[in-house]
Amino acid sequence: MSYEFAGIRNYQERAVFEAVRTWRDHYPLISDDLLPDVACVALNRLPARYIRHEVDLVFYQSEKERLMAERLVASAVGFAFEFVQARTAMR
């Protein structure tokens, strides 16, 4: 029997990547080559949410849970930008 696992992914990745792209202009001291570091720091602060299809999360997540997830992503990305910026300044 063959199983297909290639479609499994962490939903948080997409949300974090979008937030990093959105907020990047607010942190001009962080160069583009540090943006993946920002994403990694943010993702490490969030719980993993694995899905196969986007509709899976939408179907099983309440509006309250969705709003909380958005707040968690925003908080993690804000922290990550500040963390990477501080580390860069210390060099």
On full extension of the chain, what length is gained from Phe83 through Asn10, given 0.36 nm per residue of separation minus the C-alpha to C-alpha distance? 24.0 nm
Rolling a 1.4 Å sphere over the protein heavy atoms, what is the accessible area per residue of the chain, to the nearest Å²? 74
If you roll a 1.4 Å probe over segment 15-72 with all protein chains in place, what percent of the accessible area is carbon or sulfur? 57
May I ask for the angle, rounded to the nearest 10°, between helix 63-90 and the longest principal axis of the chain, with both axes built from Cα atoms and the value confined to 0 to 90°? 30
If you project the alpha carbons of the chain onto the principal axes, what extent comes out on each, in Å, largest first? 52, 34, 19
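The values are calculated or read from the model by the stated rules, or taken from the named source; none is laboratory data. Predicted model only: the values in this text are computed from it and were never measured. These area figures cover heavy atoms from the full protein model, side chains too; ligands, DNA and RNA do not enter into them. Shrake-Rupley method; radii C 1.70, N 1.55, O 1.52, S 1.80 Å.
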